[in-house]
Structure formats: C-alpha cells, structure tokens
Amino acid sequence: MKTSLTEARRLLQKAEDVLVITGAGISAESGVPTFRGAGEKWRNRHFTELANPKAFEADPKFIWDWYLYRRSIVAACEPNAAHRALAAWQMRGAHRSIVTQNVDGLHERVGSEVVRMHGSLWRNTCLACFEDREDYSLSFEAADGLPRSPCHHSLERPAIVWFGEMIPKEASVSAQHLAAMADVIITIGTSGLVDTANRLIKTARDLRELQPAPSPRSLIVIDINLEETEVQATHRLLGPAGSIVPELLSP
Ligand code: OAD
C-alpha cells in the first residue's frame, strides 16, 4: 500500500534493526543509466545479451568495451543526496546495514559500508586463479585491448555477477544474515525483476514466522521507487530517491 513519509518515519523510529537494499535507481539521479531504463541497450545489444558468461567467451573485447564505457560514465558521476543521506544515517547508529545490487561504487565513495551482491565495476577477476583485484583503468594497453592479471598474466574478466551465475558466497551469507536480523527492510530503486531483493525479504519473513510466541511484529518492507515494483513490500513511497531518502532518514 502507498504510505506517507510521516508514517514511514514513524515505522523507522520503532525499528530495532534496519536493512537497506539498493538497486540501480538510487544512482539514476547521479547520471548512471538504469538497466531497465536508459542503460537497456549498448551498440544495439540488450544488456541481458551482454551480461552473461557466454557473451564474454564469444567476444571478450566487445564485453570489456561495454564495461569500460560503463566505467567512463560512472567515473564522471558523483554520489547524490540519497547516497549521502544513507551514509550519514548508517554512521549515526548501530544495526543499520546496506546491501547493494549496484556495481558502481557510489555508496563506497561516501563512506558507506555495503555488502555488494553483484560484484564491482572496479574489480577484475583473473581467469587462472579467480582472484579479484582493484582496477580503475578506462582502457587497456595490450595490443588486443584486454586486461591481463599481474598474478598469472592471464586474461581477466569483469568481477561482476552475470546472468546465470551465483552470487558470491560471502556476500550471500552476509546479506542473508542481515536480512534475518532485520525488522524493517527498505528497498530503494530496484525493479525487483532480478530476485536478489525479494529473496532477502523472503528470508526475513520466513524467519520471523518461525520465532516462538509471543509473536514478533511482522516484517515491514518500505519500497522507494518512482513507480510500483515487483518488490514484495508492505509500504510504498513513490518518488525520486534523491528527495525521499534524505527526508526519510534525517534525524
Ligand atoms: P533496474 O534497472 O531493473 O531498475 C531500476 C529501478 O529504479 C526501476 O524500478 C526504476 O523505476 C527505479 N528508478 C529509476 N530512477 C529512480 C529514482 N530517481 N528514484 C527511485 N527509483 C528510481 O535495476 P535493478 O533492480 O537494480 O544485474 O536491477 C538489478 C540487476 O539487473 C542489476 O544489478 C543488473 C541487472 O541485471 C546484473 O547485471 C547481474
């Protein structure tokens, strides 16, 4: 159901443990194109055709060029009011966690501690040993235009979770743990079409139902988005994250 900022703030004041889950929409006002928006296609290919291991095997240069293009966009963007409000809110209290589907690193740039579910645009994985390293290159010097790992001089791939791949175990376990503790979950700027957020919501709901009587308050899920989404929310705040999040989280 649609709710008001006043009601959402009241619910948050009573919360003991809050988990925030962010998606591409939180970075839209910074100028980062969302997947199911301006970023849907690149060189006439749909992002689902690009963000998968088969596409990389078939043409690593093409896929790296897409990620280098995305790096160049994000490098020119700044975190916005929603990223900053979340960082300040997280620093003001305990039991305030952030899990993100985003790979852009904008939360990290304002000092938030985040669990990254889908990897990082700024890391490469060595295809010989599967270790990651940080990398901020906007182009690669090798004749074939591809990155090589310093450890094995092997081809690297973007350290991103692609369609058909598992979320890294460490991130998945941390996020499940945070969901299990939460009595309020806030989702921001996710379409819910990838089931990362809904799976965490389900974990939180199932665990609360298993708790013995006297039964705990049921899970509250506040979804912040421009439109109604697939997120299994109990409350919806419709509008841009850059205005709603600072108002919701201000002291
Ligand atoms: P999507 O691109 O699917 O959805 C972006 C959401 O942000 C939409 O629901 C928009 O309505 C909303 N939105 C846009 N601007 C907003 C604003 N200013 N304020 C609030 N909401 C806004 O992004 P995600 O749900 O994060 O995965 O997508 C999840 C995953 O899909 C991505 O991590 C990526 C992609 O497949 C992989 O690459 C594996």
Can you divide the C-alpha Rg of the stretch 36-95 by 2.2 N^0.38 Å and report the result to two decimal places?
1.59
With the charge dipole of the chain built from beta-carbon charges (+1 for Lys and Arg, -1 for Asp and Glu) about the Cα centre, the Cα from S137, V161, S218 projecting farthest to the positive end belongs to S218
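So which trypsin sites (Lys or Arg not before Pro) in the stretch 130-238 pass both tests, a DSSP loop state and at most 14 other Cβ atoms within 10 Å of the Cβ?
On the way: sites: R133, R148, K169, R199, K202, R205, R208, R217, R236; in loops: R217.
Those that pass, being in a loop and sparsely packed, are R217.
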In angstroms, what radius of gyration and Dmax does the chain have, counting Cα atoms only?
18.9, 67
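For the stretch 110-181, go through all pairs of different Cα atoms, get the mean of 1/r, take its inverse, and jot down that Kirkwood value in Å.
Working: mean 1/r = 0.0726 Å⁻¹.
After inverting the mean inverse Cα-Cα distance, the result is 13.8 Å.
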From the residues S30, P246, V99, which one has its Cα farthest along the dipole of the chain in the positive direction, the dipole being from +1 and -1 charges on Cβ of Lys/Arg and Asp/Glu about the Cα centre?
P246
Using protein chains only and a probe of 1.4 angstrom, how many square angstrom of C151 are accessible, to the nearest 10?
80
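For the stretch 1-48, which trypsin sites (Lys or Arg not before Pro) are both in a DSSP coil and crowded by at most 11 other Cβ atoms within 10 Å? Don't jump to the answer; show the numbers that get you there.
Numbers: sites: K2, R9, R10, K14, R36, K41, R43, R45; in loops: R36, R43.
Here the sparse-neighbourhood loop sites are R43.
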Non-local Lys pairs in the chain, i.e. 8 or more apart or on different chains, that have alpha carbons under 27 Å apart:
7
Using packing as a proxy for protection, rank 106-115, 80-89 so that the peptide with the highest average count of other Cβ atoms within 10 Å comes first.
80-89, 106-115
Tally Lys/Arg at +1 and Asp/Glu at -1 over every other residue whose Cβ is under 10 Å from the Cβ of H95; what's the total?
-2
Report the antiparallel proportion of the DSSP beta bridges in the chain as a percent, rounded to a multiple of 5.
30
Expressed per residue, the solvent accessible area of the chain in Å² (1.4 Å probe) is about 49
With +1 on the Cβ of every Lys and Arg and -1 on the Cβ of every Asp and Glu, and nothing else charged, how large is the dipole of the stretch 68-147 about its Cα centre, in debye rounded to the nearest 20?
460
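Which order do V161, V184 take by accessible area at a 1.4 Å probe, largest first?
Details: V161 35, V184 0 Å².
Ranking V161, V184 by accessible area, largest first, yields V161, V184.
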Inter-probe distance in nm under a simple model that places probes 7 Å from Cα toward Cβ, at C77 and E7:
3.1
Residue among L193, L50, L219 with the largest mean-square fluctuation in a Gaussian network model of the chain, springs linking Cα atoms under 10 Å
L193
Measuring from its Cα centre, the chain shows a charge dipole (+1 at each Lys and Arg Cβ, -1 at each Asp and Glu Cβ) which, in debye to the nearest 20, is 440
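The values are calculated or read from the model by the stated rules, or taken from the named source; none is laboratory data. Note that the structure is a prediction, hence the values are computed from the model and not measured. We place every Cβ from the backbone using ideal geometry, glycine too, and count neighbours over all the protein chains shown. In case anyone asks, the SASA skips ligands and DNA or RNA and just uses the protein heavy atoms, side chains included. Shrake-Rupley method; radii C 1.70, N 1.55, O 1.52, S 1.80 Å.
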